[in-house]
Structures are given as C-alpha cells and as structure tokens.
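Below is one structure, written out as structure tokens; comments come after it.
The values are calculated or read from the model by the stated rules, or taken from the named source; none is laboratory data. This is a predicted model, so every value here is computed, not measured. Every residue, glycine as well, gets a Cβ built from its backbone with ideal geometry; the counts of neighbours run over all protein chains shown. Areas reflect the complete protein model, heavy atoms only, side chains present, ligands, DNA and RNA absent. Shrake-Rupley method; radii C 1.70, N 1.55, O 1.52, S 1.80 Å.
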Amino acid sequence: MDKEISFRPFAMEEDFSRIHRWMHEPHVIPFWQLNHSEEVLKKHMHKAREDTHQSLYIGSIDGIPMSYWEAYWVRGDVVENCYEPAPFDQGIHLLIGESSYLGKGLALPLLREMVAFQFKCAHTNKVIAEPDHRNEKMIHVFEKCGFYKVKEIILPDKKAMLMFCEREEFEKRWNHDDPRA
C-alpha cells in the first residue's frame, strides 16, 4: 500500500463529533449499535476512555482520520469469560468510519498495523477479535490478517465469532515482507 497509516490516541475534544457521525453511518449501525444522541454517546465515550483495560485510537491514512479502534486487554473485558485467556492476551475492535474508504482494500493493512503494534508487548502471544457473526466482510479481513475462527459466542450486545491471531502465525505470515522485521 502506497499510503501512510498512523494511529493516535482518541481525544474527546477533537474526535467526538467525528465518532458521533461515524456511529450514525448505515454500515456502522448494525454492528456497533451506538447510534445514540450526542449526550448518550458522550457518556459512553467518557466511560470507554476512562476504562484502564483499553486504549482508544483514531486511525488515519495519509493524515486523514477515517477509522476508530479499541485495543484492549482481554482480562477485565466481558470476553474473558468466553475462553481461558492468558494474562497478556489482547483484543481489538475497529470500524472504518468514513464510507469513502470502504471497499478499497484498506481494512487489512490497517488491521495488520494495529495487530503488529499489539504484538510489540513481548508478553502478548495472542490477539483476539469478536466481530458480529453476521459481519462476513470483517471476518474475512481478520482471516486474511492471520486470525482463525474459534467459535460463536454470546456477548451482552451481540452474537459474535471469537477469533484468535497467534504471534507465531502472524509473524510467519507478515514478517518476511515487513522492512522493519
């Protein structure tokens, strides 16, 4: 990909109106279910930002914000009850907010960069995802990145496909063409 991918921490002042708009996009609503009023969503985002087991990011391509990410520690998350997590397992949530970036093959390189970032923690050997079981496009992107399906799980807000990406497989798949490796 001949574009610069970058991530920066979510900043409420700078990013809230963007997130509010993205949560009301037709391609986001069925899977995030956060198409709330500004007041309700702002409370949700404050709570998410203060949650010490996760970090919120805005993803950009060539400096243009176009995606939202939640990187989290599995321990302390509702999904920890769905399998036997290791102490340093991490998880990922993502959305491509700007509809003009959909269908351009950008989700995989973005996901790859974020998972590589998560594996920078030397103790992390597994990154998990739990996309909505109906979100076949994202499940396919996760698989192309190196995740594999484990099982369907029921979470408070959705029926999801639990997926694992193990460090060894990820590095085998990607490091050979990563100039930083």
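Any residue at all in the range 7-19 that's among the acidic types (Asp, Glu), part of a strand (DSSP E or B) and open to solvent by less than 20 Å² (accessible area, probe 1.4 Å)?
Checked the range 7-19: no residue is among the acidic types (Asp, Glu), part of a strand (DSSP E or B) and open to solvent by less than 20 Å² (accessible area, probe 1.4 Å).
Identify all residues within the range 86-113 that are touching a Gly at 6+ places or on another chain (Cβ under 9 Å) and surrounded by fewer than 19 Cβ atoms within 10 Å (Cβ to Cβ); write none if there are none.
Glu113
Name the strands (runs of 3 or more DSSP E) wholly within the range 53-109 that hold at least 2 residues that are aliphatic (A, V, I, L, M) and touching a Lys or Arg at 6+ places or on another chain (Cβ under 7 Å)?
Result: 54-61.
Between a first residue in the range 1-27 that is of a type outside the set (S, T, N, Q) and a second residue that is assigned to a loop (DSSP other than H, G, I, E, B), which pairs have beta carbons less than 6 Å apart while being 6 or more apart in sequence or on different chains?
Lys3/Asp62; Glu4/Asp62; Trp22/Val28; Trp22/Gly97; Met23/Leu34; Met23/Asn35; His24/Asn35
Of all residues in the range 26-47, which are open to solvent by less than 50 Å² (accessible area, probe 1.4 Å) and over 17 Å from the mean Cα position of the chain (by Cα)?
Leu41
Tell me, which residue of the range 114-161 that is in contact (Cβ under 8 Å) with a residue 60 or more places away in the chain and either in a loop (DSSP other than H, G, I, E, B) or touching a Ser or Thr at 6+ places or on another chain (Cβ under 8 Å) (or both) is surrounded by the fewest Cβ atoms within 10 Å (Cβ to Cβ)?
Checked the range 114-161; the qualifying residue surrounded by the fewest Cβ atoms within 10 Å (Cβ to Cβ) is Pro156.
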